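The values are calculated or read from the model by the stated rules, or taken from the named source; none is laboratory data. Values in this document were obtained by computation on a predicted structure and should not be read as measured data. All Cβ positions, even for glycine, are placed from backbone atoms using ideal geometry, and neighbour counts span all protein chains on display. Ligands, DNA and RNA are stripped out before the accessible areas are found, and what is left, the full protein with its side chains, is counted by its heavy atoms. Shrake-Rupley method; radii C 1.70, N 1.55, O 1.52, S 1.80 Å.
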Amino acid sequence: MIFLKIQSESGGLSRVAINHFPVTIGRDPGNQIAIPDDRISRFHVRIKRRGRLLIVEDLDSRNGTFINGDRIVNAVVRTGDKILIGSTEIVVFSSEAEISLEQRTLDSQGLERGPEITVQPARSGDNEPDLVPSARIPLQPDPGIPLPGRVTQVIYEAEGDMILSRSGDDAGRTILKAMHRLLPWIRRSAIFQWHPESRKLTPLATRGQDASGYVTVIQKPLEDAINRGCGIYVGQKHEGTTPGRTQAQQESSRFALPVVSHERITGLVHIEADPVQIQDAHHQIQPALVLLERVAATLENFMLRNELDSWLIGVIDTLVATIEAKDTYTHGHSERVSRYSLAIADELKLGRDLKRQLLISALCHDIGKIGVPDAVLKKASLLSTEEYLEMKLHPVLGAEIVQRLPGSSRFLSGIKYHHERWDGSGYPDGLRGEDIPFFGRIVGICDVFDAMVSGRAYSGFMDQSDAVERLQEEKELFDPEILKAFNRAHDRGTLTIKTSTRQNRGEQERSLLKIEIEDSAKDARKRR
């Protein structure tokens, strides 16, 4: 079913459900939808359906038809699109418009992509869960329902904890923790970030995982909450019985609660609850609605920061892909260096934020090669003196490129100084010892190691154990403590030949930027 939310300039607001197509809209009473707006033509626009597509057709109107600000003659319209005719705005909603849920799990390296989520599809034929008809819950809490003092205290503490959060994931965990304190009958919960352009829900955090370590969400209530713009409550009855459980215990209830900031949905909370303890869903969910109203703006700020991080990730991925497409000999080199760098970071007990900056620094360390002539960069034999001087410019060129990115001062050093050496024999500035920035020292040793084990056209591959031995023979070139950490990582098996170009190349070419740092995985395991 299609819904139109119609708002005129005079302030009138109506909601119209469309069951049959085509539908014409205009000023004339002969239209299926007649709107008394002098700026609208008598028969202004027609909405047609072709399969699952909605098509808006302008009927040679006097003032034109606009979708999201662009004038159209005939165009496809999607859920959330705004149609402007005259001074009337029409927003399209579809109860059938699907959303996509990103399922974030641990990758093969044990690094966390995010909360562990499984999804029960919105429509799965005979396997669809038996959902009790849904009840709508207003977005705003009911001021007529008093809240106990304990509830107010929990919400106040959650607001303070949100201020101290370091990321959207941390903020999401804080919200769910407070929600479980407010509503003890919650079994499991998950909080998502909503991306209206792509219609995607990205998990931020989960709480109360089941025995297998997962939180299962049902897609249908989430879709209804997004498409209807309100909270949704449904019951789910499981088929059959489980030994030791009563019939009431075979059932579960689900809430889907939008997080709204500045009148737009920015997130969504999914709650699985015990229906035995739910007699009045609207009344009992009020503490959660008050909590979400109070923290929505703060959570949105973290989400905006996440979007900026995603944008930065996209820029960096593009830069790395560009240089590796240009220099086939170093294909995959930047990603391997970043993995080696994180292995050293683990041995040095670096915190999560430092790891993130080191990761970016290592991935971008050779960006400057994009400014090196192909005749030099792709030469299959040893470089001449003049060519070597040209190649030595790439750290400075890389720093000049990356310094335009936001926050670049935190990761620039690994790019500019990864060819500096502990004894002062490196470049570009001939720095010595601890004058070499920390990231430059870590990325430098990883860069040398990968050059040995991945091979060059003129030098061939070196066995990993031989490469480690060579680094020991040339230990005066590297920070002693970082070299020790490198050796410990090698002894633990963190640095393996599987990360070289020769093996598992396809697996290693997945973007490491999309992988959460291992600290998150450790934190998640502790929380369980």
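Worth a mention:
- Placed amide H near Trp185: partners under 5 Å, 5+ positions off or other chain: none
- Under 13 Å, Cβ to Cβ, from Ser408 - net charge with Lys/Arg +1 and Asp/Glu -1: +2
- Net +/- balance of residues flanking Arg181 in space, Cβ distance below 10 Å, scoring K and R +1, D and E -1: +1
- Each peptide in 273-284, 387-398 was scored by the mean count of other Cβ atoms within 10 Å over its residues; highest first, the order is 387-398, 273-284.
- For region 45-93, the relative contact order is 29 percent, taking Cα pairs closer than 8 Å that sit 6 or more residues apart in sequence and dividing their mean separation by the residue count.
- Tensor-based shape of region 139-206 (alpha-carbon gyration tensor, a/c under 1.5 rounded, otherwise prolate or oblate): prolate
- Here the 3J(HN,Hα) profile of region 194-202, calculated from phi with Karplus coefficients 6.51, -1.76 and 1.60 at θ = phi - 60°, is 9, 10, x, 5, 9, 6, 10, 9, 10 Hz, Gly and Pro shown as x.
- Within-12-Å neighbourhood charge of Asp60 [Cβ basis; K, R +1; D, E -1]: +1
- For Leu204, the residues whose modelled amide H falls within less than 5 Å of its own, excluding neighbours fewer than 5 places apart on the same chain, are Ile191, Phe192, Gln193.
- Flagged links, alpha-carbon separation over 32 Å, of Lys82/Lys220; Lys200/Lys355; Lys355/Lys379: Lys355/Lys379
- Relative contact order of region 377-427, defined on C-alpha pairs under 8 angstrom at six or more residues apart (%): 29
- Across the protein chains, with a 1.4 Å probe defining accessible surface, the residues Met462, Met303 rank Met462, Met303 from largest area downward.
- Counting every pair of alpha carbons in region 309-444, the share spaced more than 25 Å apart comes to 23 percent.
- Rounded to the nearest whole Hz, the Karplus-based 3J(HN,Hα) values (6.51 cos²θ - 1.76 cosθ + 1.60, θ = phi - 60°) of region 79-89 follow the sequence 4, x, 5, 10, 9, 10, 10, x, 9, 10, 9, with x at glycine and proline.
- For region 72-78, 3J(HN,Hα) computed residue by residue from phi via the Karplus equation (6.51, -1.76, 1.60; θ = phi - 60°) reads 10, 10, 8, 8, 7, 10, 10 Hz, glycine and proline entered as x.
- What region 262-374 shows is 39 Å² of accessible area per residue, with the surface traced by a 1.4 Å probe over protein heavy atoms.
- In this structure the amide hydrogen of Lys82, modeled in the peptide plane, comes within under 5 Å of the amide hydrogens of Asn68, none closer than 5 places in sequence on its chain.
- Rounded Å value of the spacing that divides the Cα centres of region 275-289 and region 374-408: 62
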